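Rule-based calculations on the coordinates, nothing more; no lab input. Since this is a predicted model, take the numbers as computed values, not measurements. Here the Cβ positions follow ideal geometry from the backbone for every residue, glycine too, while neighbour counts run over all protein chains shown.
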Amino acid sequence: MEQMRPIGYWVKRLDRALEARFERTLATHALTRRHWQVLNALREDVRTDGELERMLEPFWTEDAISWDQVKADLLGRGLISMEDGVIDLTPAGVALHGELGKQVSDTRTVLMQGIANEEYL
């Protein structure tokens, strides 16, 4: 019988499992969840460098890739553009977001099996 553990243990364990599953999905494009969060945020609207950093700050953990690393990588790969501190998706970034969006959606569907929408909300 598994040892009884406090709920905090299970929440952290679940978070790590979810993070790992999404990382595997995104790894096919050499991206992390932080990359995806930036692409996703920019798909909704153009953002300034500071806005993006503040918006995504809660998701950055000590062991996560830094905002500057994500930004440099996405710029270097031609997925985002930056002019006067304003960041936007390039056509290549829009295309990759669309492709990854399907894969992320499929991953969410798998992870949500057995959980009703009401329970999730």
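Consider just the alpha-carbon atoms of segment 21-121 and return their Rg together with their Dmax, both in angstrom.
Here Rg and the maximum Cα pair distance are 14.3, 47 Å.
Hey, can you grab everything whose amide H is under 5 Å from the amide H of ILE80? Only 5+ residues off in sequence or another chain; H modelled, so Pro and N-termini drop out.
LEU75, THR90
I want to check the label-to-label distance for MET55 and VAL94. Put each point 7 Å from Cα in the C-beta direction and report it in nm to one decimal.
Here the modelled spin labels are 1.7 nm apart.
Per DSSP H run of at least 4 residues, take -39500 (n - 2.57); add these up for the chain, divide by its residues and hand me the 222 nm value, nearest 500 deg cm²/dmol. The partial results should precede the final answer.
Working: 6 runs with 76 residues, N = 121.
It lands at -20000 deg cm²/dmol.
Which length gain, in nm to one decimal place, applies between MET112 and GLU23 when the Cα-Cα distance is subtracted from 0.36 nm times their residue separation? Kindly include the intermediate steps, with their values, before the conclusion.
Values: separation 89, 0.36 × 89 = 32.04 nm, distance 1.67 nm.
Gain on stretching MET112 to GLU23: 30.4 nm.
Dipole size in debye (nearest 20) for the chain around its Cα centre, Lys and Arg Cβ +1, Asp and Glu Cβ -1? All intermediate terms of the calculation are to be shown ahead of the outcome.
Details: 15 positive and 21 negative charges, 111 e Å.
Roughly 540 debye, rounded to the nearest 20.
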